[in-house]
Amino acid sequence: MVDLAARLEEVDERIADAARAAGRDPSGLTRIVVTKFHPAALVEQLYALGVRDVGENRQQEFSRKAAEVGDLAGLRWHFIGQAQTNKARAVRAAAGVVHSLDRTRLADALDAAAEPGEPVLDVLLQVNLTDDPGRGGVAPAELEPLAAHAAALPTLRVRGVMAVAPLDEAPAAAFERLHGYAQTVRAVVPGADWISAGMTADFAEAIAAGATHLRIGSAITGPRPERG
Ligand SMILES: *Cc1c(COP(=O)(O)O)cnc(C)c1O
């Protein structure tokens, strides 16, 4: 817990430094702690340290952990992984924000999964910054129609874009493209000004390129345990 608090503080300082270096106000950034592979107890420890935004990338692990942690006032779960359409209800039930909307069928499934009276679900459109379709995310050429499709669904609110930096390219250049894709989405959905980008290795570059939501795992949680 002492180590966790120290790592959290150190990362927050680095975030603030990167924001100031980019002429940005650190308070405009949301730092999401990615807790995948770690037990629910880690989420509770983070919560006790003031963390209110946590991220998970596997639906089953996410649903189990969210149920284990239960209701903690103000805690927001971000789903950042690939989602299957037949798991849309489970994702929707536990997530406050879905970062990984990458196809119209998933948008339809998430919309159809809304229970009566359930709040509107915040979604980000995940963009593939590589040429490899296996890496997840919508191809940039399909982004505008996806934005228009999702924006028309009554129970989803398109908030912006999300991406993971390619392995074989400098992150700064890739995040610069993402910034342009964010503008593509804003032309369709004017209020969609979130950019989810930046992980342990590249959050400073993401901040310089306008990221609003950082998804940081191992720099805060320590190394991920082996999956048992
Ligand atoms: C695991 C993961 C992260 C966090 O990765 P770290 O390198 O541990 O910071 C961010 N985004 C996604 C989509 C992830 O799967």
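Observations on the model:
- Selected residue [more than 9 Å from the ligand (Cβ to nearest atom), more than 23 Å from S27 (Cα to Cα), small (G, A, S) and not in a loop (DSSP other than H, G, I, E, B)] from A173, A206, A165: A173
- Applying the condition of being near the ligand (Cβ under 8 Å from one of its atoms) and over 13 Å from the mean Cα position of the chain (by Cα) to the range 181-202 and asking which residue is farthest from T30 (Cα to Cα) yields A201.
- In the range 101-127, the residues that are more than 22 Å from G180 (Cβ to Cβ) reach residues that are buried (at least 23 other Cβ atoms within 10 Å of the Cβ) and at pLDDT below 95 with C-beta atoms within less than 7 angstrom, at least six apart or across chains, in these pairs: L106/A83.
- For the range 27-45, a tally of residues being in contact (Cβ under 8 Å) with a residue 60 or more places away in the chain and either touching a helix residue (DSSP H, G or I) at 6+ places or on another chain (Cβ under 8 Å) or assigned to a helix (DSSP H, G or I) (or both) returns 10.
- Qualifying residue in the range 151-159 (condition: surrounded by fewer than 15 Cβ atoms within 10 Å (Cβ to Cβ), out of contact with any strand residue (DSSP E or B) (no Cβ under 6 Å at 6 or more places or on another chain) and in a helix (DSSP H, G or I)): no
- Residue within the range 52-69 that is outside any helix (DSSP H, G or I), at pLDDT below 95 and either within 20 Å of the chain's Cα centre (by Cα) or more than 14 Å from I216 (Cα to Cα) (or both) present: no
- One residue from R20, R24 being closer than 28 Å to A172 by Cβ and not in a helix (DSSP H, G or I): R24
- For first residues located in the range 214-226 and more than 8 Å from the ligand (Cβ to nearest atom), partners that are assigned to a loop (DSSP other than H, G, I, E, B) and lie 6+ apart or on another chain with Cβ distances below 6 Å form the pairs L214/G198; P225/F37.
- Within the range 97-137, the set of residues being in contact with a Pro (Cβ under 9 Å, 6 or more places away or on another chain) and farther than 18 Å from A165 by Cα comprises T104, D111, A114, V120.
- Checked against (1) part of a loop (DSSP other than H, G, I, E, B); (2) within 16 Å of the chain's Cα centre (by Cα), L125 meets all criteria but (1).
- Filtered by the rule that a residue be within 19 Å of R58 (Cα to Cα), more than 16 Å from the ligand (Cβ to nearest atom) and among the small types (G, A, S), the range 99-141 gives A107, A109, A113.
- Tally of residues being within 25 Å of L42 (Cβ to Cβ) and either in contact with an Asp or Glu (Cβ under 6 Å, 6 or more places away or on another chain) or part of a loop (DSSP other than H, G, I, E, B) (or both) across the range 180-203: 6
- When A83 is tested against (1) of a type in the set (G, A, S); (2) more than 24 Å from D3 (Cα to Cα); (3) modelled with pLDDT of 95 or more, exactly one condition is not met: (3).
Listed here are the residues, each with its yes/no results for (1) touching a Lys or Arg at 6+ places or on another chain (Cβ under 9 Å); (2) under 22 Å from D108 (Cα atoms).
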site	(1), (2)
L146	yes, yes
V158	no, yes
A173	no, no
Q183	no, no
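The values are calculated or read from the model by the stated rules, or taken from the named source; none is laboratory data. Here the structure is a predicted model, which means the values were calculated and not measured. Positions of Cβ are backbone-derived with ideal geometry, glycine not excepted, and every protein chain shown enters the neighbour counts.
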